[in-house]
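Undergrad: Please read through the structure below; I'll follow up with questions.
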Amino acid sequence: MLDLEQASAEYLAGSASLDDILEAVRGSPRLTEYVAEQLDYAYLDRSIRLIRRSAPPEELQALSDHLAHVAHSTRRSLFEGLPQQYFERWRTLKELLDHRLESLATGIPEGLLNRPHVFPIIQKLWRGPIPQSALAAELDLKKANLSRILGVMEASELIDKTPRGLENIISLGPRAPPAPPPPEREPAARPARKMPRFGAVFANF
């Protein structure tokens, strides 16, 4: 069984399975401050990474279910004597994951797509990622106004921001509408076959 007293926060965050962590917690009569700190780091790190990479709902649900078991009311005694409110914090973290799941289960509000500049931004990103400064110039928007619009779009996963140097590179998010397929090109008309001159047919006879 996983030894929580020996496991580092990095191992718990990146390598240990949630099942192994849960089994170790269930086998602990009480959490020490050291173990609580390592778990706290691991749970926060896992949650942030899942949200940042737009993980599928199954992965979000797995961590939410895990936290529900660890921070269940029947295990409140595990946290007695700890200097911080880990129990409440992990329950709040579970609620955050649940809220994210609810958001993924609903569609993008039509009103958001109809907001000024939102759909034009998406259309420009269909051509590929673009620096935020270049996007502001193309749309003739002030930086502050564009940042506010992009913040709303990012919250709904319509766009992603990737820091590069001193600015962000803006690309389509996982919930952005796809670009329409290019119109089908009509097949080119076959050139008319040139008929030989009447006299040439009998030239060799």
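The values are calculated or read from the model by the stated rules, or taken from the named source; none is laboratory data. Owing to the predicted nature of the structure, the values given are computational and were not obtained by experimental measurement. Note that we place each Cβ from the backbone using ideal geometry, even for glycine, and neighbour counts take in every protein chain shown. Areas reflect the complete protein model, heavy atoms only, side chains present, ligands, DNA and RNA absent. Shrake-Rupley method; radii C 1.70, N 1.55, O 1.52, S 1.80 Å.
Undergrad: Please give the per residue accessible area of the chain, computed with a probe of 1.4 Å over protein heavy atoms only, in Å². Could you put the intermediate results ahead of the total?
TA: Working: 13590 Å² over 205 residues.
In whole numbers, the chain has 66 Å² accessible per residue.
Undergrad: Report the gain in length on full extension from E88 to H72: 0.36 nm times residue separation, minus Cα-Cα distance, nm rounded to one decimal.
TA: 4.7 nm is the gain from fully extending E88 to H72.
Undergrad: Mind counting lysine pairs for me in the chain? Cα separation below 27 Å, and the two need to be 8 or more apart along the chain or on different chains.
TA: On the way: K94/K161; K124/K142; K124/K143; K124/K161; K142/K161; K143/K161.
Count of close lysine pairs: 6.
Undergrad: Additional query: Just tell me the longest site-free run in the chain, where the sites are trypsin sites (Lys or Arg not before Pro) in a DSSP loop having at most 13 other beta-carbon atoms within 10 Å.
TA: Values: sites that count: R30, R53, R127, K142, R185, R193, K194, R197.
Looking at the chain, 54-126 is the longest stretch - no exposed trypsin sites (Lys or Arg not before Pro) with at most 13 other Cβ atoms within 10 Å.
Undergrad: Another question about this same structure. Looking at the square roots a ≥ b ≥ c of the eigenvalues of the Cα gyration tensor of region 90-187, which shape do they give, rounded for a/c under 1.5, prolate if a/b is larger than b/c, or oblate? Write down the numbers at each step before the final one.
TA: Details: a/c = 2.01, a/b = 1.30, b/c = 1.54.
Oblate, since a/c reaches 1.5 and b/c is not below a/b.
Undergrad: Follow-up. If you scale each eigenvalue of the Cα gyration tensor by 5 and take the root, what three semi-axes come out for region 92-139, rounded to whole angstrom and sorted largest first? List each step's numbers first, then the result.
TA: Numbers: eigenvalues 168, 41, 18 Å².
Semi-axes from the Cα gyration tensor: 29, 14, 9 Å.
Undergrad: Something else about it: Would you look at the GNM of the chain, springs on alpha carbons closer than 10 Å, and say which of S77, S64, S54 moves the most?
TA: Between S77, S64, S54, it is S77 that shows the largest mean-square fluctuation.
Undergrad: Turning to a different aspect of this structure: Mind putting together the pair-distance distribution for the chain? All Cα pairs, 5 Å bins, whole percent per bin, short to long.
TA: 1, 6, 12, 13, 11, 9, 8, 8, 7, 6, 4, 2, 2, 2, 2, 2, 1, 1, 1, 1, 1, 0, 0, 0
Undergrad: Given the C-alpha centroids of region 81-133 and region 1-52, what is the distance between them in whole angstrom?
TA: Here the answer is 26 Å between Cα centres.
Undergrad: Report, in debye and to the nearest 20, how large the dipole of the chain comes out about its Cα centre when Lys and Arg carry +1 and Asp and Glu carry -1 on their Cβ.
TA: Details: 26 positive and 27 negative charges, 354 e Å.
Taking the Cα centre of the chain as origin, the dipole is about 1700 debye.
Undergrad: Bin by bin, in steps of 5 Å, what percent of the Cα pairs in region 18-58 do you find, going until the bin that has the longest distance?
TA: Cα pair-distance distribution for region 18-58, in percent: 5, 20, 23, 23, 14, 10, 5, 0.
Undergrad: Rounded to the nearest 20 Debye, what is the dipole magnitude of region 1-114 about its Cα centre when Lys and Arg each give +1 and Asp and Glu each give -1 at the C-beta?
TA: Dipole of region 1-114, to the nearest 20 debye: 200 debye.
Undergrad: Counting only helical runs of four or more DSSP H residues, what would the 222 nm mean residue ellipticity of the chain come to if each run contributes -39,500 (n - 2.57) and the total is spread over all its residues?
TA: Details: 10 runs with 106 residues, N = 205.
Value at 222 nm, helices only, nearest 500: -15500 deg cm²/dmol.
Undergrad: Right, here's the next one. What percentages make up the Cα-Cα pair-distance distribution of region 1-103 when the bins are 5 Å wide from 0?
TA: Calculated over all Cα pairs of region 1-103, the distribution is 2, 13, 26, 27, 19, 9, 3, 0 percent.
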